[in-house]
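Just below is one structure, and these are the notes that go with it.
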Amino acid sequence: MNETGFLSPDIQNWIAKHRQESADAFRMAEALNVVGVKTLYASTPADNDNRQLALSLLFTRALSHYEAALILCERGAVLSAKALMRVMLEATFTLVAIVEDPAFFDLYVKNDRKRRADLIQALLDLPADENAVPAEELEQLRQEVSALESAIKADRKREVKADKKAKFGAFDAARRAGMLDFYRLFYVPYCNVVHTSLGDLAHHVNEGPAGQISSLKWGPQSEEVDDLVDAAIQIFFPALECTLRTFPNPEVREEFEKLWAQHQHRLQIKTKQRIESAA
């Protein structure tokens with residue numbers, strides 16, 4: 001581990017350790033993943049239904065990040081797992097908001113126009129001697145930006161007439177999804193593993209008794225693994241539930257409900273044990 005870190009073959013020992021110590025959490029996580037994969041393959045958007053297509057793609061992303069977060073958790077890569085779960089939250093907020101608030105999908109599409117226009121313009125703004133895109137393609141991109149800007153202006157006019165001040169971002173998506181508790185419980189606390197202010201870098205050091213830096217914190221960390229697996233499960237459940245609501249599957253829904261009940265029961269027991277140990 002000292003020579004190659006998380007890429008060391010010795011990581012298998014840490015995986016075995018964490019899977020043994022958090023056996024119940026990983027069993028639940030894997031059972032939920034099976035339901036997620038079943039849902040993914042059964043979620044077929046109707047022809048020309050862009051909303052269903054978007055939901056299907058968002059669920060694909062949420063599931064992919066969920067599986068990747070579990071891979072990081074079992075290795076004890078807790079900081080990277082938190083960063084990835086924050087990304088998973090953004091997909092979940094957006095997916096749930098589209099299901100819970102029909103008007104949000106239009107805002108989602110409008111925001112995509114703005115984002116695509118910005119990305120293309122950034123490419124067009126590159127110095128000519130640094131831009132490898134052929135001249136013909138650049139002209140096509142200029143035309144696309146022009147069309148996007150026209151659509152964006154039309155969007156703004158409609159917003160003014162409707163007196164709307166709709167915003168698009170993680171907080172707004174969480175609010176429309178009815179998931180502000182997830183925003184405050186997971187999204188905000190996990191921001192310090194994504195940002196790089198001096199305070200955010202404190203995760204990478206071990207402190208001595210007087211608060212001084214004693215050593216670099218590096219390699220697998222076991223203390224938070226169980227809680228992070230539970231967090232990944234908790235975040236993935238809403239994405240899965242809304243996808244099942246959009247693409248009904250009675251058999252899979254029954255499996256989902258059983259796992260949800262088991263997960264809630266497990267969290268209740270875990271909370272009770274912590275309260276008793278702290279008393």
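Every number here is computed from the coordinates shown, using simple stated rules; none is lab data. Owing to the predicted nature of the structure, the values given are computational and were not obtained by experimental measurement. FYI the Cβ positions are ideal-geometry reconstructions off the backbone, even for glycines, and counts take in every protein chain you see.
Would you work out if the stretch 87-241 is rounded, prolate or oblate? Take a ≥ b ≥ c from the square roots of the eigenvalues of the alpha-carbon gyration tensor; rounded if a/c is under 1.5, else prolate when a/b is larger than b/c, oblate otherwise. Oblate is the answer for the stretch 87-241, as a/c is 1.5 or above yet b/c matches or exceeds a/b.
Loop-located GluC sites (Glu not before Pro) across the stretch 186-246 with a Cβ neighbour count of 12 or fewer within 10 Å are 223, with loop assigned by DSSP.
Note: the chain, Cα convex hull, 215 Å³ per residue.
Which longest uninterrupted range of the chain lacks any trypsin sites (Lys or Arg not before Pro) assigned by DSSP to a loop state (not H, G, I, E or B) and surrounded by at most 16 other Cβ atoms within 10 Å?
Details: sites that count: 164, 165, 167, 217.
Counting only loop sites that pass the neighbour cut-off, the longest clear stretch is 1-163.
Mean Kyte-Doolittle hydropathy of -0.5 or higher plus an axial Cα length of 30 Å or more: which whole DSSP H helices in the chain meet both? Numbers along the way, then the final one.
Values: long enough: 50-75 (38 Å, 0.36); 78-100 (31 Å, 1.42); 102-124 (35 Å, -0.30); 135-161 (39 Å, -0.99); 225-246 (32 Å, 0.79); 250-278 (42 Å, -1.38).
Result, helices passing both filters: 50-75, 78-100, 102-124, 225-246.
Oblate is the label for the stretch 5-152. Its Cα gyration tensor axes, ordered a ≥ b ≥ c, give a/c of at least 1.5 and b/c at or above a/b.
Rounded to the nearest 500, what is the chain's calculated 222 nm mean residue ellipticity when only DSSP H runs of at least 4 contribute -39500 (n - 2.57) each, over all residues?
Values: 9 runs with 189 residues, N = 279.
Helices in the chain give a 222 nm mean residue ellipticity of -23500 deg cm²/dmol.
At an R0 of 45 angstrom, the distance between the Cβ atoms of residue 216 and residue 180 translates into a FRET efficiency of 0.80. Between the listed residues 183, 256, 203, the Cα displaced farthest toward the positive end of the dipole of the stretch 164-279, a dipole computed from Cβ unit charges relative to the Cα centre, is found at 183.
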